[in-house]
Amino acid sequence: SSGMNDTESILPANIILSTKVLGWLHPNAALDGAEATWDYVRYYQKPGWLGAADGAWSNAANWGAEGLPGPGSAAVFNVPSTPAPVTLSATQDLQSVFLDSAALPAHVFNGPGALRLGAGKPGDTSTTHGGIVVNTNVRSNQTFDTPLIGLANLQFANLSRSANVTLFLNGPITGSGE
């Protein structure tokens with residue numbers, strides 16, 4: 001395994017190529033201090049949110065084969081679905097939310113539950129960030145009315161190249177103090 005899933009969940013990212021993450025990359029003095037910034041990363045994965053049953057985040061029937069996202073993973077919204085509120089009845093821990101598809105409808109995320117972003121896999125203390133990303137091809141507004149709680153550094157990015165597409169962050173944004 002290349003470990004590239006470690007970078008799937010937040011953009012824009014300064015991706016650190018390290019021998020810890022990429023076994024095929026050997027130490028190279030010429031790369032010391034080098035940095036690159038991507039504004040789009042294509043990765044192949046199974047669909048995340050399908051919204052097939054209802055708008056309940058906790059309903060497994062609304063998610064693809066990978067199931068509900070949890071700590072250390074991204075909640076991916078990349079499949080056309082019926083525009084409906086996505087309701088969090090309880091607080092959810094995950095690393096990030098990633099919205100990516102030209103056919104993605106406008107989603108409105110609401111509570112009473114919160115999104116705790118930046119959560120690493122159990123026992124993993126290397127997670128340094130979390131956040132929400134609207135990728136370059138998204139053509140509809142995305143709205144978060146639910147509280148957002150940062151467990152690590154938060155990054156919010158609206159990379160949409162479509163005019164007038166907005167990432168609305170209407171709920172309170174706080175840190176965990178951890």
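The values are calculated or read from the model by the stated rules, or taken from the named source; none is laboratory data. Because the structure is predicted, anything quoted here is derived from the model rather than measured. Glycine gets a Cβ as well: all are built from the backbone with ideal geometry, and neighbour counts include every protein chain shown. Only protein heavy atoms, including side chains, enter the accessible area calculation; ligands, DNA and RNA are left aside. Shrake-Rupley method; radii C 1.70, N 1.55, O 1.52, S 1.80 Å.
Among the residues of the stretch 132-159, write down those that are part of a loop (DSSP other than H, G, I, E, B) and of a type in the set (A, V, I, L, M).
Step one: of the stretch 132-159, the residues part of a loop (DSSP other than H, G, I, E, B) are 135-141, 145-147, 151-152, 159.
Selection gives 138, 151, 152, 159.
Would you point out which residue out of 174, 125 is open to solvent by 30 Å² or more (accessible area, probe 1.4 Å) and either among the basic types (Lys, Arg) or out of contact with any strand residue (DSSP E or B) (no Cβ under 6 Å at 6 or more places or on another chain) (or both)?
Numbers: 174 fails: either among the basic types (Lys, Arg) or out of contact with any strand residue (DSSP E or B) (no Cβ under 6 Å at 6 or more places or on another chain) (or both).
Result: 125 is the single residue among 174, 125 that is open to solvent by 30 Å² or more (accessible area, probe 1.4 Å) and either among the basic types (Lys, Arg) or out of contact with any strand residue (DSSP E or B) (no Cβ under 6 Å at 6 or more places or on another chain) (or both).
Do we have residue 53 as in contact with a helix residue (DSSP H, G or I) (Cβ under 7 Å, 6 or more places away or on another chain) and either surrounded by fewer than 20 Cβ atoms within 10 Å (Cβ to Cβ) or not in a loop (DSSP other than H, G, I, E, B) (or both) here?
Details: in contact with a helix residue (DSSP H, G or I) (Cβ under 7 Å, 6 or more places away or on another chain): yes; either surrounded by fewer than 20 Cβ atoms within 10 Å (Cβ to Cβ) or not in a loop (DSSP other than H, G, I, E, B) (or both): yes.
For residue 53, the condition - in contact with a helix residue (DSSP H, G or I) (Cβ under 7 Å, 6 or more places away or on another chain) and either surrounded by fewer than 20 Cβ atoms within 10 Å (Cβ to Cβ) or not in a loop (DSSP other than H, G, I, E, B) (or both) - is met.
The C-beta contact set for the stretch 104-118 (first residue open to solvent by 10 Å² or more (accessible area, probe 1.4 Å), second residue assigned to a loop (DSSP other than H, G, I, E, B) and among the acidic types (Asp, Glu), distance under 9 angstrom, 6+ apart or interchain) comprises 108/145; 110/145; 111/145. Taking the criterion of being of a type in the set (Phe, Trp, Tyr) and open to solvent by 60 Å² or more (accessible area, probe 1.4 Å), would at least one residue in the stretch 76-94 satisfy it? No. Restricting the first member to the stretch 123-138 and to residues that are within 16 Å of residue 152 (Cα to Cα), and the second to residues that are at pLDDT 90 or above and of a type in the set (Val, Ile, Thr), the beta-carbon pairs closer than 7 Å and six or more apart or on different chains are 132/97.
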